[in-house]
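The block underneath contains the structure these notes are about, expressed in structure tokens.
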């Protein structure tokens with residue numbers, strides 16, 4: 001197992017290198033010069049030229065990339081043109097908000113999709129199965145930015161139940177400890193702040209998690225449906241095991257491998273989806289940071305943020321691979 | 001056991017409810033106003049960007065020497081009590097500072113702070129405001145409360161670069177802590193609001209400075225700018241009571257705000273002049289008659305009435321009421337009337353009896369209904385023989401091309417036009433910027449005079465003489481200034497700023 005982990009870790013390096021090269025070249029190829037976009041309308045040609053030199057944009061692209069690479073290997077992703085702060089600091093500042101949002105999205109998706117999928121798979125063509133299909137297709141087909149705007153209009157606008165934007169109400173939270181607002185509030189036993197955080201996160205997490213929920217529901221259903229006809233399930237029934245034991249102990253456990261694979265893959269989609277959802281809900285995470293960086297052609301920030309997202313995606317897939325072995329003891333990594 | 005659990009649950013719920021109530025009660029004790037703002041929040045350094053919103057925020061916190069008063073159509077003092085130009089040397093400006101202004105920590109405002117500010121704008125590596133100190137040759141503290149600024153050449157519009165712009169930071173704090181910590185950990189301004197917290201890309205929280213000489217008791221105790229780029233979100237948040245001021249409500253959402261139980265609309269005329277520019281460096285826009293044809297082909301009144309739903313004031317000439325140099329009488333002659341027959345005739349006289357094909361471009365979503373407006377202009381032009389192909393690039397691409405002079409015919413705004421000197425020179429004076437390669441020696445000479453003339457009456461005449469040249473040459477059709485609508489909670493009053501800067505002193509809350 002250890003050897004496998006080391007091999008996989010080394011295997012991520014060329015991926016990161018390739019992505020960094022691709023992103024670097026792509027942002028450079030995009031029309032629009034950062035100096036033009038970031039300086040004032042009143043800035044002169046000299047101001048623009050001075051900014052280009054300061055940011056190293058007067059150098060050939062391969063020199064810029066080499067400088068970036070050398071610095072990145074030392075843990076320095078450069079300075080943001082727009083925010084005049086180290087890119088790594090900006091990302092680290094924003095990361096807790098994105099992770100918090102992704103976590104709650106998964107929680108919402110799992111809470112709805114797993115029981116519904118299992119139930120639908122166990123009783124095909126029943127009303128639960130039909131309901132599950134509707135929920136599943138709704139989740140899969142709904143673009144999350146549109147669903148987010150609808151949630152804002154209906155839940156916040158018409159019903160006035162939840163806040164429409166942001167992450168917290170002024171004056172409620174204590175000082176941040178970990179950057180995870182809800183967790184910090186729980187640590188500080190500030191229940192009002194914890195509730196405040198939950199109120200703010202429900203809508204963006206729902207908008208973000210709905211797609212995952214739909215896919216997870218469909219996969220769970222088909223996976224459970226498949227294993228319900230396996231010999232070991234029939235054997236369990238023949239031995240007189242209760243139906244709930246057959247379902248949850250024998251069937252669901254064996255159906256988990258494809259579900260986990262899908263969850264792993266969808267986590268990547270979740271990260272990319274958060275970019276849009278964070279913008280719609282003014283959620284101060286890495287996604288909205290990336291959008292503002294793209295708009296301003298903030299090259300270091302774009303490259304740094306995309307690299308972090310790539311790294312997260314690679315790590316998630318890696319973690320999922322490791323989990324296979326934990327769930328299914330037949331899977332071994334050493335060969 | 002179950003009973004015990006349910007009792008515990010009930011107790012926890014009660015605790016939570018009590019906590020929520022307590023928080024709500026303490027929150028109501030402070031009069032709080034949250035502004036749903038369209039601009040981004042960039043960071044702690046007051047000189048690192050040059051967006052109108054951040055200029056306003058820093059002026060609230062650090063204080064500015066002076067600000068523009070749109071009602072008076074003149075500059076008003078803030079940290080400076082007066083200023084003057086040496087009649088014998090038009091390069092020499094003297095600013096007298098108020099002696100009663102103290103920083104939030106109680107330190108006195110001194111001329112050294114103003115000089116330090118100017119030097120920092122000039123030398124700070126992160127400064128994006130260098131254009132504002134470029135007219136200055138030097139700045140010196142004459143005594144504790146007097147600053148002398150020497151310009152490189154006579155610059156009658158200097159205050160346009162100074163007022164609402166220079167956020168005065170303390171030299172002593174900078175010397176002690178360095179730029180990074182001075183801004184982040186020890187912000188000590190002279191303005192009416194103290195910096196409480198900056199969350200990059202999200203919000204700036206400020207609190208009323210108790211020792212400030214500015215403002216009054218009706219101003220909010222806490223003033224928050226929260227970034228809300230999506231207009232639907234701003235309107236929903238306003239109607240919900242999450243925010244009290246929503247910037248820039250577009251015409252199609254105004255009714256929703258008006259219909260809200262606790263909300264209303266407040267209006268202001270923007271100082272941004274909207275133009276349809278024609279770059280003579282590109283054919284066929286080197287042809288004056290064709291440019292004149294465009295001006296007569298567009299029915300601006302109809303566009304304002306229908307697409308903008310009345311939310312714009314037609315420009316007669318390059319500027320309108322409230323802007324320096326505006327002359328209501330002379331502007332009547334600058335109104336190029338909608339006359340499609342004349343426009344069609346001009347197209348033929350320009351040498352295009354069978355019409356002409358051109359490319360027109362506009363950013364999308366940058367200005368109110370920009371794409372729809374230009375889409376409506378296309379058939380108007382076609383009617384007189386100008387067949388326009390509309391390009392709609394995203395703002396970043398369009399702006400980079402405009403700045404490099406790569407756009408031939410485009411819809412564009414120029415903001416912050418209080419004194420039209422810098423803006424009109426930037427677009428139309430020979431060699432100032434590559435955006436429009438228009439050149440007219442008569443116009444250049446007039447604008448050189450405008451920059452040197454300090455007498456307001458004479459200056460107004462020169463500005464209008466220069467505008468008359470532009471109206472005749474038509475390198476641009478001056479379209480309108482948008483009327484900006486702000487959504488405001490009923491318990492709040494604000495005179496919305498025409499230049500996008502929101503000052504806490506102008507907000508009153510019941």
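We did not get these values from a lab; they are worked out from the coordinates using the rules stated. Worth saying up front: this structure is predicted, and the values here are computed from it rather than measured. Using ideal geometry, Cβ is built from the backbone for each residue, glycine included, and neighbour counts are taken over all protein chains shown.
Got a sec? Which residues in the stretch B:70-98 would a label at residue B:455 touch, if it sits 7 Å along Cα→Cβ and we count backbone N under 18 Å? Counting only backbone N, you get B:85-91. Run the helix sum for the protein assembly as shown: -39,500 (n - 2.57) per DSSP H stretch of 4+ residues, divided by residue count, reported at 222 nm to the nearest 500 deg cm²/dmol. Taken over the protein assembly as shown, the calculation gives -16000 deg cm²/dmol. The stretch B:53-104 and the stretch B:451-496 have their alpha-carbon centroids 21 Å apart.
Once you average over the residues of A:168-177, how many Cβ atoms of partner chains fall within 10 Å of each Cβ?
4
The overall shape of chain B, judged from the alpha-carbon gyration tensor, is oblate: a/c is not under 1.5, and a/b is no greater than b/c. Taking a point 7 angstrom from the Cα of residue A:4 along the C-beta vector, which residues in the stretch A:288-314 have backbone N less than 18 Å away? Only A:314 fall inside the zone, counting backbone N under 18 Å. Relative to the longest principal axis of the Cα atoms of chain B, helix B:2-29 runs at roughly 60 degrees.
Kirkwood radius for the protein assembly as shown, taken over all pairs of different Cα atoms as the inverse mean of 1/r, rounds to 30.0 Å. The ranking of A:87, B:162, B:469, A:306 by Cβ neighbour count inside 10 Å, starting from the fewest, reads B:469, A:306, B:162, A:87. With a Förster radius of 56 Å applied to the C-beta separation of residue A:326 and residue A:199, the computed FRET efficiency comes to 0.95. By the beta-carbon count within 10 Å of each Cβ, the least crowded to most crowded order of A:320, A:327, fewest first, is A:327, A:320.
Once the Cα-Cα distance is subtracted from the 0.36 nm per residue extended length, the residue B:123 to residue B:180 segment shows a gain of 19.1 nm.
Do me a favour and compute the ellipsoid semi-axes for the stretch B:62-175 from its Cα gyration tensor, root of five times each eigenvalue, largest one first, whole Å.
On the way: eigenvalues 81, 58, 42 Å².
Result for the stretch B:62-175: semi-axes of 20, 17, 15 Å.
The convex hull around the C-alpha trace of chain A, projected and averaged over every direction, spans 22.4 square nanometres. Axis angle, to the nearest 10 degrees, between helix B:456-473 and the longest C-alpha principal axis of chain B: 50 degrees. Approximating the spin labels as points 7 Å out from Cα along Cα→Cβ, the residue A:15-to-residue B:71 distance works out to 6.3 nm. Each label was represented as a point 7 Å from its Cα along the Cα-to-Cβ direction; for residue B:30 and residue A:63 these points are 5.0 nm apart. Of the residues A:52, A:167, A:297, the one that moves most in a GNM of chain A with alpha-carbon contacts below 10 Å is A:52.
Within 10 Å of each residue's Cβ, count the other Cβ atoms and sort A:164, B:361 from fewest upward.
Working: A:164 30, B:361 22.
Fewest-to-most ranking of A:164, B:361: B:361, A:164.
Reported to the nearest whole Å, the Cα centre-to-centre distance from the stretch A:157-228 to the stretch B:139-161 is 54. Each of residue A:107 and residue B:307 was given a label point 7 Å from its Cα along the Cα-to-Cβ line. The distance between the two points is 4.8 nm.
So what's the angle, to the nearest 10 degrees on a 0 to 90 scale, between helix B:52-62 and the longest Cα principal axis of chain B? Once rounded, the angle reads 40 degrees.
A Gaussian network model of chain A, with springs between Cα atoms under 10 Å, assigns the largest mean-square fluctuation among A:196, A:47, A:298 to A:47.
Would you mind giving the mean number of other chain beta-carbons within 10 Å of the Cβ of each residue in A:31-38, as a whole number? Counting other chains' Cβ atoms within 10 Å and averaging over A:31-38 gives 6.
Length gained on full extension, residue A:71 to residue A:138, computed as 0.36 nm times the residue gap minus the Cα-Cα distance: 19.6 nm. Comparing A:122, A:238, A:97 in a Gaussian network model of chain A where C-alpha atoms under 10 Å apart are linked, the largest mean-square fluctuation is found at A:238.
Based on the Cβ-Cβ distance of residue B:108 and residue A:189, what FRET efficiency does E = 1/(1 + (r/R0)^6) give at R0 = 45 Å, to the nearest 0.05? Efficiency computed from Cβ-Cβ geometry: 0.55.
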